[in-house]
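The values are calculated or read from the model by the stated rules, or taken from the named source; none is laboratory data. None of these values were measured; they are calculated from a predicted model. Neighbour counts are summed over all protein chains in view; Cβ atoms, including those assigned to glycine, are modelled from backbone coordinates with ideal geometry. Just the protein is used for accessible areas: all its heavy atoms, side chains included, with ligands, DNA and RNA removed. Shrake-Rupley method; radii C 1.70, N 1.55, O 1.52, S 1.80 Å.
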Amino acid sequence: MSSKANSSIPTDSEVILGILNNSDVVLKRLYLAYFPMVLQLIINNNGSADDAKDIYQEAVIVLYNKVKAGNFELSSKLKTYIYSVSRRLWLKRLTQMNRYGGDLRDFEEHLPLEEEDHEQHADRDLQFGKMQAALGQLGEPCKTIMEDFYIHNRSMQEICERFGYTNADNAKTQKYKCLQRLKKLFFQQN
């Protein structure tokens, strides 16, 4: 990386002071400095460049609001903080879209979690583990139908053609039955 590129990355204190002083220049430099890192995270984990822009915008807003509120305490590098916030936001988005298929593929260390966040994440990890176990017990063709629809975002028409159903409505009915079996398996676990 050239020294000119390095000079465009604001220091952590420049960012915090820039936010406090409403500096558009510092915010623009912040956007340019760390967006590629977030873009790589999102692209490597089932996202698009547009998703990355949204997540990065949200992460900067989180930072901005915390600094403005006066309760921001930086215990690591700002880059690490932004990465960690982006990662959590993307995990939340994937969960909402039912596209979470396991661990995020990280390429950098992230911040240690707050104690309550740790408990929430541990609980969520446990739930994902249970779901993965339930999927493993589901059997075919249900397992593949669930993965095709919820993880690979295939349409009912594609699933219909793949499994030889007479029409998309029949495939949808089968998916519903599979989902009911998956729920039953999930809730039978301790």
**OP:** For segment 8-86, give the percent of accessible area contributed by carbon and sulfur heavy atoms, probe 1.4 Å, rounded to a whole number.
**Re:** 54 percent
Original post:
Given W90, P36, G18, which one lies farthest toward the positive end of the charge dipole of segment 1-99, if we put +1 on the Cβ of every Lys and Arg and -1 on the Cβ of every Asp and Glu?
Top reply: W90
Subject >> Nearest-0.05 FRET efficiency for E58 and K28, computed from C-beta distance (R0 30 Å) >> reply: 0.95
Original post:
Considering only protein heavy atoms, what is the solvent-accessible area of K172 at a probe of 1.4 Å, reported in Å² to the nearest 10?
Top reply: 120 Å²
Original post:
Protein chains only, probe 1.4 Å: how do T144, T173, T166 rank by accessible area, largest first?
Top reply: T166, T173, T144
**OP:** Give the carbon-plus-sulfur fraction of the accessible surface of segment 127-173 in %, rounded to a whole number; probe 1.4 Å, heavy atoms of protein chains only.
**Re:** 49 percent
**OP:** Quote the accessible area belonging to S75 in square angstrom, nearest 10, computed with a 1.4 Å probe and with ligands, DNA and RNA left uncounted.
**Re:** 110 Å²
Subject >> E161 accessible area, assembled protein chains, probe 1.4 Å, Å² >> reply: 130 Å²
